[in-house]
Amino acid sequence: MSALAWTLLAVLVRVAWLAAVPPAVAWDGVIYERTAWRIAHGMGFVDTYNNVPPFLPTAFYPVGYPGLLALAHAFLGPGAWVAGALNVFAAAITTAVVFTLARRAFGAPAAHLSAALYALSPGAVLYTSTLMTETVSAALLIGAVALAERYSRDRSPRFALAAGIVFGVAGLVRPQSLLLAPVVALLSSPSPHWRARARTVALVGVACFAVVLPWTIRNCRVLDGCALVSVNGGSNLFIGTDPAAHGTYRELLRGEGCGHVMTEVAKDRCYGDIAARRIVAHPLAWLALMPAKLQALLDYEVAPASYLVEAGALPAATAARAALWMTAFHRLVCALALLVLVVRRGPLPRPAVLCLGAVIASLAVHAVFFGGDRYHMVFLPLLAVLAGAVLSPARPP
């Protein structure tokens, strides 16, 4: 099988799943569907929660996914199935790139295993029926990594600029992606000299922020202050400093913390200030929360099934059984990737280094904020690239 064959298999499996369980709306998907509809009808990115006019400009959620969904609706028409089509398209790109990176790093046998691990991942397949950002974010992240890897070989600035553009789009979908861009840029520098590294970071950074800047200007113009992409970072950091959250997300209580602040940017800054004061006052307590955050991120995989239960698309008993399979498969991918890192001798090839760097940077971001099993699906393809190396002969010492 080739990259095309694995891509077709990934598409067929997901289309078959969508035929059984069509896209359903729950969790943040309610907001994404509503805002995508409003964007598609020329209303702009307005009120994520309010359904009563007049609608006000917002940036609480990132604009990227609703914007892409609205664009897909413009081409494909109405219906929740459009979100499923977007997820299938993203998964097809991801599968092809996983195969390509793994083959370049470890050879054909490893590439086949890596592609199989992503194409047939139970969680990734079930997630095709959701209106959530992770599947699209995964495609954008591994796409940016692949372009950066191409730059490390060809030294052509157009590939570094292309990687920056994709990182910019990824940042509009999931702002944490912007934090990964400089890490990948540094690791992709074709030369270890600081001038070359600085040039690579500059190329990727300029292209990345060229994509984000128009949205930032819009936020500065229509909100109560400036926001790079969205305005929930402060509240997320606030949650990430709370021991009662147990390392994962929890709902903010009415009136809690900055509940008295009504405007978006001011509220976000207020929560960020409270979080910063907590960290400064109790740094060891904040650091002690990090293992729980990483455990919530990596230890299990239940979100796809939980989402579909919440949406009424899957019976609870079926979801419970699916969660066991998803968790087992996820742990297998993680174990294979860790085994490669532990036992493989010699330096890792550049594609693997870039994948590993992006994974470690992702872990660091969630250690600062909070974890959740659906978030690991963004870097699942990168783990699959590393895991495939168990079929690649180790280099001699």
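Quick note: the coordinates plus some simple rules give every number you see, no bench work behind them. Predicted model only: the values in this text are computed from it and were never measured. Note that we place each Cβ from the backbone using ideal geometry, even for glycine, and neighbour counts take in every protein chain shown.
Details
- Electrostatic dipole magnitude of the stretch 25-147 [Cβ: Lys, Arg +1; Asp, Glu -1; Cα centre; debye, to 20]: 300
- Taken one residue at a time, the phi angles of the stretch 278-288 give Karplus couplings (6.51, -1.76, 1.60, θ = phi - 60°) of 4, 5, 5, 6, 9, x, 5, 5, 5, 5, 5 Hz. Gly and Pro are set to x.
- Whole-number D in µm² s⁻¹ for the stretch 1-60, Kirkwood Cα-pair radius fed into Stokes-Einstein, 37 °C, 0.692 mPa s: 231
- The 3J(HN,Hα) values that the Karplus relation (6.51, -1.76, 1.60; θ = phi - 60°) gives for the stretch 307-324 are, in residue order, 4, 5, 5, 4, 7, x, 9, 9, x, 4, 5, 5, 5, 5, 5, 4, 4, 5 Hz. Gly and Pro appear as x.
- The chain - Kirkwood radius from inverse mean 1/r over Cα pairs (Å): 21.7
- Our estimate of slack between residue 320 and residue 226, defined as 0.36 nm per intervening residue step minus the Cα-Cα distance, is 29.5 nm.
- With 5 Å bins beginning at zero, the pair-distance distribution over Cα atoms of the stretch 143-298 amounts to 2, 9, 14, 15, 14, 14, 15, 11, 5, 2, 0 %.
- Amide hydrogen proximity for residue 248: with H placed 1.01 Å from N in the peptide plane, the residues at 5 or more positions away or on another chain lying under 5 Å are 371.
- Projecting the Cα atoms of 60, 336, 131 onto the dipole axis of the chain, where Lys and Arg carry +1 and Asp and Glu carry -1 at the beta carbon, places 336 farthest toward the positive end.
- Computed over the stretch 260-397, relative contact order equals 34 percent, with contacts defined as Cα pairs under 8 Å that lie 6+ residues apart.
- Rel. contact order, % - alpha carbon contacts under 8 angstrom, at least six apart, the stretch 136-190: 41
- Alpha-carbon centroid distance for the pair the stretch 236-271 / the stretch 150-208, whole angstrom: 32
- FRET efficiency for the residue 284 to residue 246 pair, using the beta carbon distance and R₀ = 22 Å, is estimated at 0.80.
- Since only 356, 41, 29 are under comparison, the one whose Cα sits farthest along the positive direction of the charge dipole of the chain, derived from C-beta charges on Lys, Arg, Asp and Glu, is 356.
- Inter-part distance where the stretch 211-230 and the stretch 59-126 are each reduced to a Cα centre, Å: 28
- The value given for the stretch 288-386 is a Kirkwood hydrodynamic radius of 14.6 Å, derived from the mean inverse Cα-Cα separation.
- Net charge over other residues, Cβ less than 14 angstrom from the Cβ of residue 267 (K, R count +1; D, E count -1): -3
- Computing FRET efficiency as 1/(1 + (r/R0)^6) for residue 108 and residue 331, where r is the C-beta to C-beta distance and R0 is 41 Å, gives about 0.95.
- Bins of 5 Å from zero: percent of alpha-carbon pairs in the stretch 1-138: 2, 11, 19, 18, 16, 12, 9, 7, 4, 2, 1, 0
- Relative contact order of the chain, taken over Cα pairs closer than 8 Å and 6 or more residues apart, is 22 percent.
- Residues in the stretch 191-206 carry Karplus couplings, in order, of 9, x, 5, 5, 5, 5, 5, 5, 5, 5, 4, 5, 5, 5, x, 4 Hz; the curve used is 6.51 cos²θ - 1.76 cosθ + 1.60 with θ = phi - 60°, and Gly or Pro positions show x.
- Dipole magnitude (debye, nearest 20) for the chain, charges at Cβ of Lys, Arg, Asp, Glu: 1340
- Averaging 1/r across all pairs of distinct Cα atoms in the stretch 220-259 and inverting the result yields a Kirkwood radius of 11.7 Å.
- On the beta carbon distance between residue 12 and residue 339, with R0 = 25 Å, the FRET formula returns roughly 0.25.
- Projected onto planes of every orientation and averaged, the convex hull of the alpha-carbon atoms in the stretch 109-176 covers 5.5 nm².
- 16 Å tail of the calculated P(r), the stretch 194-272, as % of Cα pairs: 62
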